[in-house]
Amino acid sequence: MRIGIVGAGHVGAVCGACLAAIDHDVTVIDVDHERIRTLREGRMPFVEPHLEALIARGRARGNLSFDVDPAALSDAEVVFLCVNTDSRPDGSVDLSPLESAVSTLAAIPGLDAVLVNRSTAPVGTAEYIRSVTADARGSAMRVAVNPEFLAEGTAVRDFLAPDRVLIGASDERSARALTDLYRPIVVRDLPADVGARVGAPTDGEDVPFLVADPASAELAKYAANGMLAVKISFINEISAIAEQVGADVTRVAEAVGLDARIGKHFLRAGIGWGGSCFPKDILALQGMAETRGLSARMLRAANDINGDQRTWVTRALHARFKTLFGRRVGLLGLGFKPGTDDLRNAPALEIASQLAKANVKVRAFDPVVGDVPLTHRDRIEVVADVEDLANGSDALVVVTEWPQFRELDLPALRRRMRTPLLLDGRNLFEPEEAVAAGFAYVGVGRGVANTYPLPVNALPSSAGDGKPDDEVPIRTSDVA
Ligand code: UDX
């Protein structure tokens, strides 16, 4: 089918590359000429595993192109709207990019496509899009909803091997067009090379294909992210209790997650969620409820707990050092999760701001992030490798659980540090291995594991008197 994509961001570029991979003829447009130029040159505007290879595949086969001219979509049968829909602090959603995209499409002479909104947008947006096209053309265009359930770092696989495809349609032609479009994914008929590349099954049971009304499809997307966020905040609330009662939340989560009704995913306690989706979607869902006089107490609580998790590092440091003045702290990871260079709502940025206020020298290493936003240049020094990060540090903090951090030579890093304290914000390490390497170890919801008092290399002289601080002893614990 002839497919148009509006928006070449994390969602649009992935959708375009994957639809081309299942042999549709795809054109992706964006108002950002620099981004289109980058993609046309085969370069990636952001890190997303397998995206570069699939874009190269589509361009080589001639069924994937990038353009800035909306007229390039004039013969499309389906046009996906993949533009950003950001939340304002009050929970309302800025639909102006969507309005602009729809107005542009409605102005394309002869365009007779089904407009499909993939951007996460409040319930009623599909109806609103129809009205914008009716105002522009005199008669409304067909509009459907197809929420994306793509997680950064696994977006290509999430698209090609989804848990389900969800459509919101109010007319037969739209439903049929999307049924035809997604058929290769539903029946898992992926090209062998594509399936192999992304580890997507090319046989087995069909992918569930749900067709609902537009409002239900729009709400389902928010409800899915709301459920995931509540799960994370739930286990983080349990982690705070575990810390006090001397339990290990990772063992608690393992036992809870084995219940088939609960499931093991999204029960990893840590410094909480970031990214471009959860924060804005939870706020928007709360806003949708509260503007209708509902309370959204669970969502509000999930957000509040997540905010508390952002202070875990600062609290852990204050509990172990009488003063943080002049300390050097190394952040392992900057992105909001592994597999991406996305710093939107990344916990690392907020943690660094809190530490900088306490006059801590904050340094950071991330495998794919080499720089921080201008707003944070004055409080984070990005270094080139973990060895440099450890030099003279009073603590290393696991902020992003990159798999390669699991393989770090802890004893070697300890020897480089001034005070070997490991704050494991993502429970990436086992306490025993950290303690064996000579670290004082603090996990989230795992209590502390170390010799007593804090093992030290050379205590920093506290500001002024030249004598070492009296270290606040670490609480020993019977953490397994
Ligand atoms: C999310 C949803 O997963 C995806 O379906 C939706 O389409 C977009 O939003 P994303 O934000 O890319 O995807 O990342 P995700 O993997 O969901 O993680 C979100 C945040 O939660 C990350 O900061 C991650 O570190 C955190 N997280 C995740 C936890 O703290 N604990 C967990 O157990 C899982």
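Of note:
- Matching entry among Leu166, Leu219 (being within 16 Å of the ligand (Cβ to nearest atom), in a strand (DSSP E or B) and either in contact (Cβ under 8 Å) with a residue 24 or more places away in the chain or surrounded by 17 or more Cβ atoms within 10 Å (Cβ to Cβ) (or both)): Leu166
- Phe80 being assigned to a loop (DSSP other than H, G, I, E, B) and either among the charged types (D, E, K, R) or within 16 Å of the ligand (Cβ to nearest atom) (or both): no
- Of all residues in region 275-291, those that are more than 8 Å from Gly91 (Cβ to Cβ) have Cβ atoms under 6 Å from Cβ atoms of residues that are more than 16 Å from the ligand (Cβ to nearest atom) and of a type in the set (A, V, I, L, M, F, W, C), 6 or more apart or on another chain, in Ala289/Ala296.
- Set Ala247, Ala200: member being over 29 Å from Val165 (Cα atoms), part of a loop (DSSP other than H, G, I, E, B) and of a type outside the set (Phe, Trp, Tyr): Ala247
- Number of residues in region 261-309 that are within 11 Å of the ligand (Cβ to nearest atom), in a loop (DSSP other than H, G, I, E, B) and among the charged types (D, E, K, R) equals 2.
- Asn345 vs. criteria within 14 Å of the ligand (Cβ to nearest atom), within 17 Å of the chain's Cα centre (by Cα), part of a helix (DSSP H, G or I) and not acidic (Asp, Glu): no
Each row is one residue, and each column tells you yes or no for (1) more than 16 Å from the ligand (Cβ to nearest atom); (2) buried (at least 19 other Cβ atoms within 10 Å of the Cβ); (3) closer than 26 Å to Cys277 by Cβ.
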residue: Pro214; (1), (2), (3): yes, yes, yes
residue: Ala223; (1), (2), (3): no, no, yes
residue: Gly226; (1), (2), (3): no, yes, yes
residue: Ile238; (1), (2), (3): no, no, yes
residue: Val245; (1), (2), (3): yes, no, no
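- Candidates are the residues of region 140-161 that are within 10 Å of the ligand (Cβ to nearest atom) and of a type outside the set (A, V, I, L, M); the one that is farthest from Ala346 (Cα to Cα) is Pro147.
- Condition met for Ile232 (outside any loop (DSSP other than H, G, I, E, B), surrounded by fewer than 19 Cβ atoms within 10 Å (Cβ to Cβ) and not small (Gly, Ala, Ser)): no
Any read-out appearing in this document is the output of simple, stated calculations on the displayed coordinates, not a laboratory observation. For clarity, every value in this text was computed on a predicted model and none was experimentally measured. Positions of Cβ are backbone-derived with ideal geometry, glycine not excepted, and every protein chain shown enters the neighbour counts.
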